[in-house]
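The values are calculated or read from the model by the stated rules, or taken from the named source; none is laboratory data. Everything quoted here is computed from the prediction, not taken from an experiment. Cβ placement follows ideal geometry from the backbone for every residue including glycine, while neighbour counts extend to all protein chains displayed.
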Amino acid sequence: MGNQFLTLPLLLVIVCVSVSFIITTKLNPKEAIVSPSESSFASAIPTEIHGVKILRQASDAKLAQLGVASWPKWEGSPSKFPWTFKKTETMYFVEGKIKVNVDGYEEEEEAFEIGKGDVVVFPKDMRVVWEITEAVKKHYSLEE
């Protein structure tokens, strides 16, 4: 009878460790981002800064799933300007680097950078100041 009580907890530990191993080795958190037509931007490990969602270095498979190649393109040279997003905008950066200051977070240490390889979602009505520090090429998708 003493061995039964030892066996059940040991069995539970083995099952929990096995399930944890399967989950962590089979799931790729970078592949969890959803299409821009959905109302949420989901990833197992997205970065969110001041309401801006960022998926760093999206995989080619994810870009294909999102249909990025069919999105319109935009290019910009180094400059600094204010911008208000009239619609939620999802973008993928092919080249470049941008320093972003979100309205309400103007302190220098609260700015953040986005750039080449990033998929980024800015919510509707967000006001920012963009400082393009390296010429940018991006694809973008707009939604209401």
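The table that follows gives values for the structure above.
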quantity: Members of region 115-144 that are modelled with pLDDT of 95 or more, charged (D, E, K, R) and touching a Ser or Thr at 6+ places or on another chain (Cβ under 6 Å); calculated: K124, R127
quantity: Close pairs (6 angstrom Cβ cut-off, 6 or more residues apart or separate chains): of a type in the set (G, A, S) in region 123-144, in a strand (DSSP E or B) anywhere; calculated: A135/G96; S141/T90
quantity: Pick from region 75-111, criterion among the hydroxyl-bearing types (S, T, Y) and at pLDDT 95 or above, ranking: farthest from A135 (Cα to Cα); calculated: T88
